[in-house]
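Trainee: Below you'll find the structure I mean.
The values are calculated or read from the model by the stated rules, or taken from the named source; none is laboratory data. On a predicted model such as this, the values are computed, not experimentally measured, just so you know. Note: ideal-geometry Cβ built from the backbone for every residue, glycine included; neighbour counts use all protein chains shown.
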């Protein structure tokens with residue numbers, strides 16, 4: 001695990017206790033993603049990449065009762081939390097692994113599911129394509145992740161001062177587009193928005209980010225609050241499918 005992956009795992013581990021109460025967008029996205037779950041045999045093998053605290057996991061179990069469910073996450077703490085409250089069934093397996101380098105059998109799964117995780121990979125496109133190798137014939141990868149036009153309000157506030165944000169840059173992701181949604185959430189102000197990211201472990205900057213001075217950041221934050229009194233932030237979410 002490289003330094004950035006370790007930092008991401010640590011951030012999500014620290015946020016494990018506060019995650020569920022702050023994961024508004026994650027809950028919206030997971031519910032939408034579940035609409036694309038395909039019909040499967042009762043003994044299907046299903047892998048979730050980035051299970052976190054179980055928001056998507058719960059929807060998987062509601063749909064695929066009796067299936068063999070493999071829950072994976074890079075953060076050990078979140079898996080421990082799963083183990084402590086695991087009430088899903090005997091055919092549940094917890095795997096501590098990097099989703100970019102899956103430590104599971106190839107050609108083993110009927111379905112791979114990932115919600116709001118692939119954006120954290122070093123190479124999201126290749127990471128998504130690698131998941132296809134895990135599928136049986138006619139298997140599917142169903143995932144949701146960030147689109148390229150996320151947080152425009154935040155980016156605009158920094159651009160007005162000639163500053164770059166520490167946000168990751170998303171590529172065009174592979175697969176059939178099932179849906180794309182722009183979801184705007186009113187956080188009230190910049191502080192609430194940043195705290196929400198921190199409470200969900202989503203505050204790790206891009207590897208290319210060079211921190212600005214506190215003074216420069218304060219200017220951008222002030223501009224965001226002035227021009228956006230309700231603290232609106234727009235999430236660009238893409239829902240995709242890969243098949244074998």
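Trainee: Do you know which residues across the range 38-60 are under 16 Å from residue 109 (Cβ atoms) and surrounded by fewer than 18 Cβ atoms within 10 Å (Cβ to Cβ)? Walk me through how you get there before you give the answer.
Mentor: Residues of the range 38-60 under 16 Å from residue 109 (Cβ atoms): 38-51, 56-57, 60.
Passing the criteria: 38, 39, 40, 41, 42, 43.
Trainee: Got a number for residues in the range 125-135 being surrounded by fewer than 23 Cβ atoms within 10 Å (Cβ to Cβ) and out of contact with any strand residue (DSSP E or B) (no Cβ under 6 Å at 6 or more places or on another chain)?
Mentor: Here the count works out to 5.
Trainee: Also: Could you tell me whether any residue of the range 110-123 is out of contact with any strand residue (DSSP E or B) (no Cβ under 6 Å at 6 or more places or on another chain), closer than 15 Å to residue 173 by Cβ and assigned to a helix (DSSP H, G or I)?
Mentor: Yes.
Trainee: Of all residues in the range 226-244, which are more than 30 Å from residue 36 (Cβ to Cβ) and surrounded by 15 or more Cβ atoms within 10 Å (Cβ to Cβ)?
Mentor: First, pick out the residues of the range 226-244 that are more than 30 Å from residue 36 (Cβ to Cβ): 226-231.
Of everything in the range 226-244, those that are more than 30 Å from residue 36 (Cβ to Cβ) and surrounded by 15 or more Cβ atoms within 10 Å (Cβ to Cβ) turn out to be 228, 231.
Trainee: Any chance you could count how many residues in the range 25-39 are within 14 Å of residue 181 (Cβ to Cβ) and touching a strand residue (DSSP E or B) at 6+ places or on another chain (Cβ under 8 Å)?
Mentor: 8
Residues checked against (1) modelled with pLDDT of 95 or more; (2) over 23 Å from residue 33 (Cβ atoms); (3) touching a strand residue (DSSP E or B) at 6+ places or on another chain (Cβ under 6 Å):
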residue	(1), (2), (3)
141	yes, no, yes
157	yes, yes, no
167	no, no, no
180	yes, no, yes
183	yes, no, yes
218	yes, yes, no
221	yes, yes, no
224	yes, yes, no
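Trainee: Looking only at the range 57-72, which residues are outside any helix (DSSP H, G or I) and at pLDDT 90 or above? If you could, list the steps in order and put the result at the bottom.
Mentor: Within the range 57-72, the subset outside any helix (DSSP H, G or I) is 64-72.
Across the range 57-72, the qualifying residues are 64, 67, 68, 69, 70, 71, 72.
Trainee: Among the numbered criteria (1) more than 15 Å from residue 152 (Cα to Cα); (2) in contact with a helix residue (DSSP H, G or I) (Cβ under 7 Å, 6 or more places away or on another chain), which one does residue 191 miss?
Mentor: All conditions are met except number (2).
Trainee: Answer yes if at least one residue in the range 192-213 is farther than 20 Å from residue 11 by Cβ, surrounded by fewer than 15 Cβ atoms within 10 Å (Cβ to Cβ) and either over 18 Å from the mean Cα position of the chain (by Cα) or at pLDDT 95 or above (or both), and no otherwise.
Mentor: yes
Trainee: Confirm whether residue 54 is out of contact with any strand residue (DSSP E or B) (no Cβ under 7 Å at 6 or more places or on another chain) and at pLDDT 80 or above. Working first, answer last.
Mentor: Details: out of contact with any strand residue (DSSP E or B) (no Cβ under 7 Å at 6 or more places or on another chain): yes; at pLDDT 80 or above: yes.
Yes; evaluated as a whole, the condition is true for this residue.
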